[in-house]
Amino acid sequence: MPSRSTRAYVLGLCVVAASVSVVSIVNVSRPTDIAWFAALVLLSVQLKAPLGRNVDVSLTSVVAVATYPVLGMWGAPALIGALFATRQQTSFYKRAYNVAQNVVCTFIGGAAYVALGGEVGALARGSFPQILLPMTVAIIAWHVANAALLIGVLWLDGGRAPVRGIRTNFFEVFLSFLGYSYLGLLLAVLWLGQLGPFAGLLLLVPLLVARWAFAQYAAEQKSHQSTLQALAQAIETKDLYTRGHGERVARAARMLGSQIGWDGDRLDAVAEAGLLHDVGKIGVPTRVLQKDGRLTEEEFEAIKQHPLHGVEVVGDIAFLEDARAGIMHHHERYDGTGYPSGLRACDIPVFARVLSISDAFDCMTSVRSYRAARPVAEALEELQRCRGSHFDPELVDEFVTAVEREGWQAAPVQPVQPVPRAEQKVVFDHDDPVHPPQVEGSAEANS
């Protein structure tokens, strides 16, 4: 259920949309065209395609843009057609918000078009390219208004920062939306020619092609996720105690990346690296991974090879190219005593420095065979203790800030079987700075 402030926001937006619709219907000179455009809106919503996580593309903005040369600033009521095409299982507030948002955005775009002298009702010979300026400004106004209204509801409902909302919901998709919105201009030209409402049928083919393109993109993203999940599950078969570890490291890496200002593809890439940072363990013998005593030199060398194995596993997967540096170097230490390359400080790729912190934090806050999960506050203190030795000090500070602000949902609690003192063995965990690997013939090895 939306918060009270969100419900008030949506209600206020609906009042504005209703007022705009009444004024538009009173002033429009061709009311039947509104009905025809509403039918096109209904059709475009039925043809909507998924674009990504919780994002659908319905192409209604194409129809909205087409109303500007045909109806000027009075075409907004046509967007009410979306109300009858929205899935019934969608909540009332979401349906009301979506329709009201489209109505208001269309009115704002139309007002911008008219204010810049865009022709309405007929296009005179020689209208091009002069009409492109008011049309472009109108399209931009539509998308800016859309982003602003969306940011407002996200901020009220979930507390998301407005600037972050702008980056996520506007700039990432704006150029593609701007491009296909010009289909609306083509629709208007055909409409004002001799085709009238039949122009919508003629333009149906490119609309279907646009929908197909978005659907293909969504299918590709789904395939990527399936590949990632399959690799992550393959890792977990090595050790049940690490079940879900990759997902949590990905979540922590995304949280830290967002804290330092990353977004879009870069944020997705570091999360993918977090999910697959231990994929190279597939190439390490299970008896070595699960050994709870001192390692031989050969066994520890086998452990140290898992980042290299990881790069080999993902080497031919093109969409994981940005994740490779993180997978390769997530066990480097800030003081240069890590592996596999002994890099130090800023020579360590930033993805790897982010993963190093995320990996250690989840390890400490998760159950292991030799101990219960440590409290979040204690794990953060350990990260701070190791800043400058194990971890990038600035990134540790940013991570602590992010966790303190957003909180952390640790791994599900699992029972730890008590081991009699007489049977207790030396334990290690190469992800945990408190329990580094113990190697035969040495006091301590690098974690």
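The values are calculated or read from the model by the stated rules, or taken from the named source; none is laboratory data. Nothing here was measured: the structure is a model prediction, and the numbers come from that model. Cβ: placed from backbone, ideal geometry, glycine included. Neighbour counts: every protein chain shown. What goes into the accessible areas is simple: the full protein's heavy atoms, side chains included, and nothing from ligands, DNA or RNA. Shrake-Rupley method; radii C 1.70, N 1.55, O 1.52, S 1.80 Å.
Can you put C14, C105 in order of accessible area, largest first, using a 1.4 Å probe?
Heavy-atom accessible area, descending, gives C14, C105.
Close amide-amide hydrogen proximity is noted between L295 and Q438, V439, E440, each under 5 Å apart and 5 or more residues distant or on a separate chain (H modeled in the peptide plane; Pro and chain starts excluded). What FRET efficiency comes out for C346 versus Q216 if R0 is 41 angstrom and r is the Cβ-Cβ distance? Round to the nearest 0.05. Working from the Cβ atoms, E equals 0.55. Under 5 Å from the amide H of R374 lie the amide H atoms of T365, S366, each residue being 5 or more positions distant or on a separate chain, with H modelled from the backbone and absent for Pro and chain starts. The slack between A372 and S5, meaning 0.36 nm per residue of separation minus the straight C-alpha distance, is 128.0 nm. Couplings 3J(HN,Hα) of segment 252-268, computed from phi: 5, 5, 5, 5, 5, x, 5, 4, 8, x, 6, 7, x, 4, 5, 5, 5 Hz, in residue order, whole Hz [Karplus 6.51 cos²θ - 1.76 cosθ + 1.60, θ = phi - 60°; x for Gly and Pro].
Give the ranking of S21, S3, S226 by solvent-accessible surface, highest area first, calculated with a 1.4 Å probe.
S226, S3, S21
For segment 339-354, 3J(HN,Hα) computed residue by residue from phi via the Karplus equation (6.51, -1.76, 1.60; θ = phi - 60°) reads 9, x, 10, x, 5, 9, 6, 6, 5, 6, x, 5, 4, 5, 5, 5 Hz, glycine and proline entered as x. Under a 5 Å amide H cut-off, with hydrogens placed 1.01 Å from N, F391 pairs with Y334 among residues at least 5 apart or on other chains.
Between D397 and L116, what FRET efficiency follows from the Cβ-Cβ distance if R0 is 56 Å, with the result rounded to 0.05? Once rounded, the FRET efficiency stands at 0.70.
Please state the equivalent ellipsoid semi-axes for segment 243-395: what are the square roots of 5 times the Cα gyration tensor eigenvalues, largest first, in whole Å?
They are 22, 20, 16 Å, listed from largest to smallest.
From largest accessible area down, sort T32, T227, T365; use a 1.4 Å probe on the protein chains.
T32, T227, T365
The label-point distance for A234 and R95, in a model that sets each label 7 Å from Cα toward Cβ, rounds to 4.5 nm.
Summary of packing: across the peptides 120-132, 273-285, the per-residue average of other C-beta atoms within 10 Å ranks them, highest first, as 273-285, 120-132.
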